[in-house]
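To start, the structure under review is shown below, and the notes come after it.
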Amino acid sequence: MSRKMRMTQVDAIQDISPHMRRITLGGSDLNDFPIEQESAHVKAIFPQSKQGLPKLGLYLGAKKWMRSYTVRAFDQHTKKLTIDFAVNDHHGLATHWASDAQVGDYLGISGPGPTKHTNLNAPWHLMAADITGLPALAAILEKLPKKAQGYAFIQIPHKADMQTIKSPKGIKIQWLINSDIHKNRLLEALSNISWQDGSPAIFIATQSAHMKTLKAYVKKQPNYQKAYTYASGYWKA
Ligand SMILES: Cc1cc2nc3c(=O)[nH]c(=O)nc-3n(C[C@H](O)[C@H](O)[C@H](O)COP(=O)(O)OP(=O)(O)OC[C@H]3O[C@@H](n4cnc5c(N)ncnc54)[C@H](O)[C@@H]3O)c2cc1C
């Protein structure tokens with residue numbers, strides 16, 4: 001199903017940590033953007049030249065100009081959409097755009113798709129993400145009920161990339177500092193927890209090969225349920 005495409009403009013830019021740039025988008029096309037879609041992803045559509053407008057619509061080669069990004073927040077009163085861009089040392093269309101962004105720059109948005117990790121009342125939660133999955137993980141933590149129990153493991157390049165996230169007391173958040181993006185510290189962390197009673201709701205969003213290893217691990221654990229699991233490769237090395 002094709003999703004609505006919207007033209008937006010950069011309204012504000014904030015470096016929330018050394019490797020995370022928060023960009024808030026505005027514009028009248030967001031007036032009917034759906035609410036409560038935090039954790040879902042949109043396709044960000046980038047301009048083909050620095051001064052140009054993003055080309056919206058479905059045409060041959062359109063995918064080259066699109067990347068997936070998470071709805072970190074949408075303010076239903078101001079109609080502003082917030083996206084957190086990981087700015088690592090890699091070179092890519094999206095990262096370059098975010099690093100050079102200026103207030104007033106244009107960005108196309110298609111979507112959003114469905115929200116992730118919908119079983120908010122699961123007996124317990126197991127979440128693992130790298131910095132690209134952090135915006136979704138943080139948005140999910142903010143939605144969990146107060147009584148929620150479980151673990152959230154977040155791999156980030158530097159201690160200064162830790163964020164304050166509003167989350168239930170019963171969720172133990174562990175930050176794993178690792179500047180080598182090819183190393184998977186999430187697996188070690190996950191295999192050190194004691195598996196709880198009841199089927200966990202599982203959220204995994206990280207580099208594709210790391211995601212596959214984590215998924216293979218959780219699948220072998222007691223009470224694993226595919227229906228309660230979201231595991232997605234957020235980028236490919
Ligand atoms: C559902 C979904 C939601 C996502 N949400 C977010 C989000 O909210 N914030 C966010 O920052 N990212 C998010 N991502 C990841 C983002 O889409 C990718 O990192 C994307 O490839 C970045 O595009 P690029 O143009 O910078 O690099 P590309 O042009 O895609 O890739 C260029 C090179 O950089 C490498 N590369 C790509 N991404 C990274 C990275 N993060 N670290 C190191 N090397 C990389 C690639 O292997 C390639 O060699 C999400 C992905 C998915 C699937």
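The values are calculated or read from the model by the stated rules, or taken from the named source; none is laboratory data. Treat the numbers as computed from the prediction; the structure is a model and nothing was measured. Every residue, glycine among them, receives a Cβ derived from its backbone with ideal geometry; neighbour counts consider all protein chains shown.
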Check your understanding: Would you pick out the residues in region 12-38 that are over 19 Å from the mean Cα position of the chain (by Cα) and buried (at least 18 other Cβ atoms within 10 Å of the Cβ)?
Key -> G27, D29, L30
Exercise for review: Considering each of H96, H91, H77 in turn, give the residue that is surrounded by fewer than 23 Cβ atoms within 10 Å (Cβ to Cβ) and more than 15 Å from the ligand (Cβ to nearest atom).
Suggested key: H77
Study note, to complete from the structure: The strands (runs of 3 or more DSSP E) lying entirely within region 55-131 that contain at least 3 residues which are in contact with a strand residue (DSSP E or B) (Cβ under 9 Å, 6 or more places away or on another chain) and within 20 Å of T206 (Cα to Cα) are 66-70, 80-86, 124-129
Practice item. Only residues in region 177-203 that are within 30 Å of D89 (Cβ to Cβ) count as the first member; pair them with residues that are among the basic types (K, R), Cβ under 6 angstrom, at least 6 apart or cross-chain, and list the lot. Key: I177/K159; N178/R185
Exercise for review: Could you list all residues from region 22-45 that are within 16 Å of the ligand (Cβ to nearest atom) and either among the polar types (S, T, N, Q) or not in a loop (DSSP other than H, G, I, E, B) (or both)?
Suggested key: R22, I23, T24, L25, Q37, S39, H41, V42, K43, A44, I45
Check your understanding: From the set of residues in region 109-143 that are closer than 16 Å to K166 by Cα and within 12 Å of the ligand (Cβ to nearest atom), which is surrounded by the fewest Cβ atoms within 10 Å (Cβ to Cβ)?
Key -> A139
**Study point:** Qualifying positions in region 203-234 - within 23 Å of P157 (Cα to Cα) and among the aliphatic types (A, V, I, L, M)
**Key:** I204, A205, A209, M211, L214, A231
Review point. Which condition number in (1) in the same structural domain as F203 (by TED's automatic domain parsing); (2) assigned to a loop (DSSP other than H, G, I, E, B) is the one that L141 fails?
Key: (2)
Check your understanding: Taking the condition over 17 Å from the mean Cα position of the chain (by Cα), assigned to a loop (DSSP other than H, G, I, E, B) and away from the ligand (no atom under 15 Å from the Cβ), does Q48 pass?
Key -> no
Review point. Of the residues that sit in region 51-74 and are of a type in the set (K, R) and free of Cβ contacts under 8 Å to residues at least 60 places away in the same chain, which one is surrounded by the fewest Cβ atoms within 10 Å (Cβ to Cβ)?
Key: K64
Check your understanding: Looking at (1) at pLDDT 95 or above; (2) within 13 Å of the chain's Cα centre (by Cα), which is the one condition that is false for L93?
Key -> (2)
